[in-house]
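Enquirer: The structure's right below; bear with me while I get my questions together.
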Amino acid sequence: MADVRTGDGTRRSAAPVILLGPPGAGKGTQAARLAAHLRVPKISTGDMLREAIAAGTPLGRQAGPLMDKGQLVPDDLLNGIVGARVQRDDCATGYVLDGYPRTLRQAEGFEDLVGGGVSAGFVVVNVEVPREELLRRLSGRRWCPTCQSTYHVESRASRDGLHCDRDGTLLIQREDDKETAVAHRLVEYDRRTAPLIDFYRHRARLSDVDGHRPVDEVFEDLRRLVEAQR
Ligand code: AP5
């Protein structure tokens with residue numbers, strides 16, 4: 001794999017980084033920081049699907065009702081959009097995946113797509129957070145429908161508590177952060193995504209990170225782990 005120059009000027013591995021973890025574990029928060037540090041794109045399938053919904057595309061029309069209920073979007077659609085995204089030039093020096101792969105079929109599809117059938121080159125991090133903390137984070141999350149920034153009513157409120165600090169849009173609660181949808185998302189995670197931890201533990205470089213700590217501390221661990229895998 002090629003090396004890339006990072007924020008502090010040193011060279012880092014361009015291996016794809018995969019962040020695993022349940023809804024609310026902080027994958028999106030950490031993926032944004034890690035991608036900025038490594039100077040590579042963050043590829044968030046949740047963000048891509050929400051953009052498709054906002055744009056009213058056929059993908060968005062198919063994904064929207066499933067997402068609102070906390071169900072997963074079909075594997076073939078996800079493999080298609082990620083497959084196209086990682087072929088773009090800006091991914092040539094690496095990328096951070098947030099929210100994908102999420103099922104064994106997606107993991108196998110992704111392997112075939114970028115690894116020629118092997119995951120050994122991937123850096124996989126499993127972010128662990130207790131269930132009661134996940135519920136606290138998801139119920140208190142507020143979201144900007146314009147730029148997709150996330151806040152939390154207690155631990156990361158925007159400056160005025162109502163509007164996005166970046167663009168002034170009124171913050172809202174995501175439909176799938178409401179109680180019934182969250183319950184579905186956690187069931188889907190346990191049933192279809194958690195098995196990926198064992199899948200990657202046996203096939204890639206998987207590390208566990210304690211995500212139930214301040215954002216900066218979690219990031220420091222992540223950064224060290226990824227840099228150690230050069
Ligand atoms: P997606 O948007 O990927 O949702 P998710 O995986 O459920 O993850 P979340 O965005 O809820 O949480 P996160 O781990 O990113 O945490 P965050 O950093 O935001 O997917 C949504 C839906 O799209 C799915 O349900 C599915 O329908 C569909 N979809 C997407 N990808 C798919 C795929 N591959 N296959 C099929 N369907 C797919 O943080 C959460 C909150 O906690 C925030 O308020 C944040 O400020 C706060 N927080 C973060 N870190 C900390 C910390 N260390 N301490 C305190 N608070 C923190």
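Enquirer: So, F199, is that one aromatic (F, W, Y), closer than 19 Å to Q30 by Cβ and assigned to a helix (DSSP H, G or I) or not?
Expert: Values: aromatic (F, W, Y): yes; closer than 19 Å to Q30 by Cβ: no; assigned to a helix (DSSP H, G or I): yes.
Criteria not met by F199.
Enquirer: Quick one: what pairs do we get from the range 176-199, first residue farther than 12 Å from R102 by Cβ, second part of a helix (DSSP H, G or I) and away from the ligand (no atom under 12 Å from the Cβ), C-beta under 9 Å, 6+ apart or different chains?
Expert: If the second residue must be part of a helix (DSSP H, G or I) and away from the ligand (no atom under 12 Å from the Cβ), the pairs left are L186/R131.
Enquirer: Additional query: Applying the selection to the range 122-157, what residues are more than 25 Å from I18 (Cβ to Cβ), of a type outside the set (S, T, Y) and open to solvent by 10 Å² or more (accessible area, probe 1.4 Å)?
Expert: Step one: of the range 122-157, the residues more than 25 Å from I18 (Cβ to Cβ) are 132, 136, 139-140, 142, 144-146, 151, 153-155, 157.
Next, from what is left, pick out any that are of a type outside the set (S, T, Y): 132, 136, 140, 142, 144-145, 153-154, 157.
Within the range 122-157, E132, R136, R142, P145, V153, E154, A157 qualify.
Enquirer: Would you point out the residue of the range 170-192, among those that are modelled with pLDDT of 95 or more and touching a Ser or Thr at 6+ places or on another chain (Cβ under 8 Å), that is farthest from S158 (Cα to Cα)?
Expert: Top of the filtered list is R192.
Enquirer: Could I ask something else about it? All but one of (1) touching a helix residue (DSSP H, G or I) at 6+ places or on another chain (Cβ under 9 Å); (2) more than 8 Å from the ligand (Cβ to nearest atom); (3) without any contact (Cβ under 8 Å) to a residue 40 or more places away in the chain; (4) not charged (D, E, K, R) hold for S155; which doesn't?
Expert: Exception for S155: condition (2).
Enquirer: Is there any pair linking a residue in the range 50-75 that is of a type in the set (G, A, S) to one that is near the ligand (Cβ under 10 Å from one of its atoms) and not in a helix (DSSP H, G or I), with Cβ under 6 Å and at least six apart or on different chains, and which?
Expert: Partner pairs satisfying both residue conditions: A63/V73.
Enquirer: If a residue must be more than 11 Å from the ligand (Cβ to nearest atom) and not small (G, A, S), how many such residues does the range 202-220 contain?
Expert: So in the range 202-220, the residues more than 11 Å from the ligand (Cβ to nearest atom) come out as 202-208, 220.
Those left that are additionally not small (G, A, S): 202-203, 205-206, 208, 220.
Result for the range 202-220: 6.
Enquirer: Sticking with this one: How about the range 178-191: which of its residues are assigned to a helix (DSSP H, G or I) and more than 15 Å from N126 (Cβ to Cβ)?
Expert: First, pick out the residues of the range 178-191 that are assigned to a helix (DSSP H, G or I): 179-191.
Hits for the range 178-191 are E179, T180, A181, V182, A183, H184, R185, L186, V187, E188, R191.
Enquirer: Return yes or no: is V82 modelled with pLDDT of 95 or more, within 16 Å of the ligand (Cβ to nearest atom) and under 22 Å from D177 (Cβ atoms)?
Expert: Working: modelled with pLDDT of 95 or more: yes; within 16 Å of the ligand (Cβ to nearest atom): yes; under 22 Å from D177 (Cβ atoms): no.
Spelling it out, it is not the case that V82 is modelled with pLDDT of 95 or more, within 16 Å of the ligand (Cβ to nearest atom) and under 22 Å from D177 (Cβ atoms).
The values are calculated or read from the model by the stated rules, or taken from the named source; none is laboratory data. The model shown is predicted, which means the values in this text are computed figures rather than measured ones. For neighbour counting, all protein chains shown are included, and Cβ atoms are generated from backbone atoms with ideal geometry for every residue, glycine included. Accessible surface areas use protein heavy atoms only, side chains included; no ligands, DNA or RNA. Shrake-Rupley method; radii C 1.70, N 1.55, O 1.52, S 1.80 Å.
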